[in-house]
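Novice: So that we are looking at the same thing, I have put the structure below in structure tokens.
The values are calculated or read from the model by the stated rules, or taken from the named source; none is laboratory data. Predicted model only: the values in this text are computed from it and were never measured. Methodologically, a virtual Cβ is constructed for each residue, glycine included, from the backbone with ideal geometry; neighbour enumeration extends over all protein chains shown.
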Amino acid sequence: MRQAILTGRLAFHWLLGLMLITQAGCSHLSRPQAGRLPGGSASPYALAELETWHLEGRIGIQTRNDAWQAHIVWNHEPRQDRVQVLGPLNQGAVSIVLREGMIYIHPGSGEAVLSREPEQALRERLGFAVPLYSVRYWILGLPDPLHPHVMADDTEGNPLFRQTGWEIGQSDFRLEHGYRIPGRLRIQGEDVKLKLVIDQWQTGIHP
């Protein structure tokens, strides 16, 4: 998919079956480059520097062969990102853990996978792939700081940007805990389109 955003040496262990992961070391996110950022707040870097946040929302996914909707819960922590995608009535649940170039996918039913090739692992398990390390920024309305981007506006005047072959559109901006974030996002690649509606967003907590 891409190289890891976080720096430092991390140990990725299996404990008590499959889901407990420990860390040896500490890491920090890189700042985005200065420029026009659609998710700007009092400080243009404030969102990127948040160490902990919790997001809940609804996601629609459309590929060339399929389309489905689900509930998404994303927990960002200094050491890892934990993502849960839940189908209707919690069926088809998928748990994902991201750390330093590693991805762990537990599909709920079936065999879990631990891989150093996140994009390939996602495609094999879910049938499509998205750059989750970049999505961690995109859902806050920020470009990934490790890749160049081009800013633009859509036909309704809402900001969007293009990055690494993806187009990220944003709308329905709102203030949450003093931060301006998009309430709706459209993330479109060559063979997959995601639509995300953010229902709840919190900072500085460990849900």
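Novice: Please work out which one of (1) at pLDDT below 60; (2) under 28 Å from Tyr179 (Cα atoms); (3) buried (at least 16 other Cβ atoms within 10 Å of the Cβ) is the condition Arg31 fails and give its number.
Specialist: Here Arg31 clears every test but (3).
Novice: So which of Leu196, Leu185, Leu122, Leu126 is within 17 Å of Thr63 (Cα to Cα), hydrophobic (A, V, I, L, M, F, W, C) and over 15 Å from the mean Cα position of the chain (by Cα)?
Specialist: Leu126
Novice: Please verify whether Leu160 is modelled with pLDDT of 90 or more, closer than 17 Å to Leu50 by Cα and surrounded by 15 or more Cβ atoms within 10 Å (Cβ to Cβ), treating the condition exactly as stated. Break it down stepwise before answering.
Specialist: Details: modelled with pLDDT of 90 or more: yes; closer than 17 Å to Leu50 by Cα: no; surrounded by 15 or more Cβ atoms within 10 Å (Cβ to Cβ): yes.
The answer is no for Leu160.
Novice: Another question about this same structure. From the residues in the stretch 123-133 that are under 15 Å from Lys193 (Cα atoms) and part of a helix (DSSP H, G or I), which one is modelled with the lowest pLDDT?
Specialist: Leu126
Novice: Whether any residue in the stretch 78-95 is under 21 Å from Phe173 (Cα atoms) and surrounded by 13 or more Cβ atoms within 10 Å (Cβ to Cβ) is what I want to check.
Specialist: No: zero hits.
Novice: So in the stretch 115-155, with the set limited to residues that are small (Gly, Ala, Ser) and within 12 Å of Ile103 (Cα to Cα), which one is surrounded by the most Cβ atoms within 10 Å (Cβ to Cβ)?
Specialist: Let us first name the residues in the stretch 115-155 that are small (Gly, Ala, Ser), namely 115, 121, 127, 129, 134, 141, 152.
Checking the rest, the ones that are also within 12 Å of Ile103 (Cα to Cα) come to 115, 121.
Numbers: Ser115: 16, Ala121: 20.
Of everything passing the filter in the stretch 115-155, Ala121 is surrounded by the most Cβ atoms within 10 Å (Cβ to Cβ).
Novice: So the check is Cβ under 6 Å with 6+ separation or different chains; which pairs have a first residue in the stretch 98-118 that's touching a residue at least 24 places away in the same chain (Cβ under 8 Å) and closer than 16 Å to Asn75 by Cβ and a second one that's among the hydroxyl-bearing types (Ser, Thr, Tyr) and surrounded by fewer than 18 Cβ atoms within 10 Å (Cβ to Cβ)?
Specialist: Cβ pairs passing all conditions: Ile103/Ser115.
Novice: Determine whether the stretch 90-111 contains at least one residue that is basic (Lys, Arg) and within 11 Å of the chain's Cα centre (by Cα).
Specialist: Taking every residue of the stretch 90-111 in turn, none turns out to be basic (Lys, Arg) and within 11 Å of the chain's Cα centre (by Cα).
Novice: Hey, another quick one. Of all residues in the stretch 129-175, how many are closer than 21 Å to Asn75 by Cα, among the charged types (D, E, K, R) and over 18 Å from the mean Cα position of the chain (by Cα)?
Specialist: Result for the stretch 129-175: 1.
Novice: Hey, any hits in the stretch 90-99 for a residue that's at pLDDT 90 or above, outside any strand (DSSP E or B) and either at negative phi or of a type in the set (S, T, N, Q) (or both)?
Specialist: Checking the stretch 90-99: not a single residue is at pLDDT 90 or above, outside any strand (DSSP E or B) and either at negative phi or of a type in the set (S, T, N, Q) (or both).
Novice: Answer yes or no as to whether Glu117 is closer than 27 Å to Pro182 by Cα and within 17 Å of the chain's Cα centre (by Cα).
Specialist: Considered against the rule, which asks whether it is closer than 27 Å to Pro182 by Cα and within 17 Å of the chain's Cα centre (by Cα), Glu117 comes out as no.
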